[in-house]
Each structure stands twice: as C-alpha cells, then as structure tokens.
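*Asks:* Just passing along the structure, written as structure tokens.
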Amino acid sequence: MTDKTDHTTQPFTYNINSACPSDIIAVTVKGCGQPKEVIDMYQKIQSFAQLHHKDKLLLNVVDLKLHYDGSDVLKVTKVIEQILPNFCVARVVSPADFKSDLIDLFSHNTSLKLKSFHDEHHAIEWLTAT
C-alpha cells in the first residue's frame, strides 16, 4: 500500500534527536512548512547544538513540503547560513522535491556546508567524513 498523505495539509512538526553518532544531531521534519516555522526550527536546532557541543546536522525532510516559492527559499537559506555558521548539514530528501535542488544551488554561494542525499546512510557517511 502506498502512503498518499498530502503533506500540504499536515501541520509542521519536527523531532530533534542527539542519539546519532558522535557530533551529529538528527532532525526529522514533517508536514507543511512556512518560512518562519522553518527558521524557528533552525534556531532551536542551533540552541540544542550549542548545549550539546555538536556541529553536524542530519536533516530528514522526505515528508516535508515547503510552503513557499523560490525567492523565499533563497531568503531562508541566507538566514540559515547566519544561524548555523560552520555547520555541516546533510539533508535526506525526496527525489521529486525540486526545491531541494534550489537549496543545494543557493547554499553553494554561502558559507553553509550543505548537501542533499536520497538515503540516510550516504548522508551519515558524508557527515562523518567532514
């Protein structure tokens, strides 16, 4: 049976977990995210990272629908760069999510070390190698 959940109507939720290997924070994000919600989430991740002395983020956004356009993607990416300086961010994304390509593209022009993956295993490999 295929899950056909419409993530555009689901509330924005996330779970922060530090049980990952060593210096990695794992966050699973679901639902429909507005720019303010996404920025607030990254601020909470940054506070959690400082508290636990971690600088790598595994972000699973397979079940996230960004509810904003390409220009807002650029604005949010710039804010994330300020919130998480010197962070490595591995995003686990759905292959059908074109906004992930935009986020990767925009992040290349920032100091943010961000890369998208289609599976968690390769994302963790990249994080542990950086």
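*Asks:* SER22 passes all but one of (1) on the phi > 0 side of the Ramachandran plot; (2) without any contact (Cβ under 8 Å) to a residue 24 or more places away in the chain; (3) not charged (D, E, K, R); which number fails?
*Replies:* (2)
*Asks:* Still on this structure, please answer the following. If the requirement is being surrounded by fewer than 20 Cβ atoms within 10 Å (Cβ to Cβ), closer than 15 Å to LEU127 by Cα and among the acidic types (Asp, Glu), which of these qualifies: ASP63, ASP55?
*Replies:* Numbers: ASP63 fails: closer than 15 Å to LEU127 by Cα.
None of the others qualify; the one that does is ASP55.
*Asks:* So how many residues does the stretch 31-79 have that are without any contact (Cβ under 8 Å) to a residue 12 or more places away in the chain, within 21 Å of SER18 (Cα to Cα) and under 15 Å from the mean Cα position of the chain (by Cα)?
*Replies:* In the first step, residues of the stretch 31-79 are kept if they are without any contact (Cβ under 8 Å) to a residue 12 or more places away in the chain; the result is 36, 40, 47, 50-51, 69, 71.
Next, from what is left, pick out any that are within 21 Å of SER18 (Cα to Cα): 40, 47, 50-51.
Narrowing the set further to residues that are under 15 Å from the mean Cα position of the chain (by Cα) leaves 40.
Going through the stretch 31-79 one residue at a time, the tally reaches 1.
Conditions tested, residue by residue: (1) outside any loop (DSSP other than H, G, I, E, B); (2) in contact with a helix residue (DSSP H, G or I) (Cβ under 8 Å, 6 or more places away or on another chain); (3) modelled with pLDDT of 90 or more.
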residue	(1), (2), (3)
ILE25	yes, yes, yes
VAL38	yes, yes, yes
LYS44	yes, no, yes
ASN60	yes, yes, yes
ALA96	no, no, no
ALA123	yes, no, yes
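*Asks:* Can you name the number of the only condition in (1) among the charged types (D, E, K, R); (2) under 24 Å from ASN86 (Cα atoms); (3) surrounded by 14 or more Cβ atoms within 10 Å (Cβ to Cβ); (4) modelled with pLDDT of 90 or more that ASP72 fails?
*Replies:* (4)
*Asks:* What tally of residues in the stretch 98-121 results from selecting those that are at pLDDT below 90 and part of a loop (DSSP other than H, G, I, E, B)?
*Replies:* Of the residues in the stretch 98-121, 5 are at pLDDT below 90 and part of a loop (DSSP other than H, G, I, E, B).
*Asks:* Then there is this: Could you look through the stretch 1-20, keep only residues that are part of a strand (DSSP E or B) and in contact with a helix residue (DSSP H, G or I) (Cβ under 8 Å, 6 or more places away or on another chain), and pick out the one that is modelled with the highest pLDDT? Lay out the reasoning, then the answer.
*Replies:* Just the residues of the stretch 1-20 that are part of a strand (DSSP E or B), to begin with: 13-17.
Cutting the leftovers down to in contact with a helix residue (DSSP H, G or I) (Cβ under 8 Å, 6 or more places away or on another chain) gives us 14, 16.
Working: TYR14: 96, ILE16: 93.
In this case the residue turns out to be TYR14.
The values are calculated or read from the model by the stated rules, or taken from the named source; none is laboratory data. Note that this is a predicted model, so its numbers are computed, not measured. All Cβ positions, even for glycine, are placed from backbone atoms using ideal geometry, and neighbour counts span all protein chains on display.
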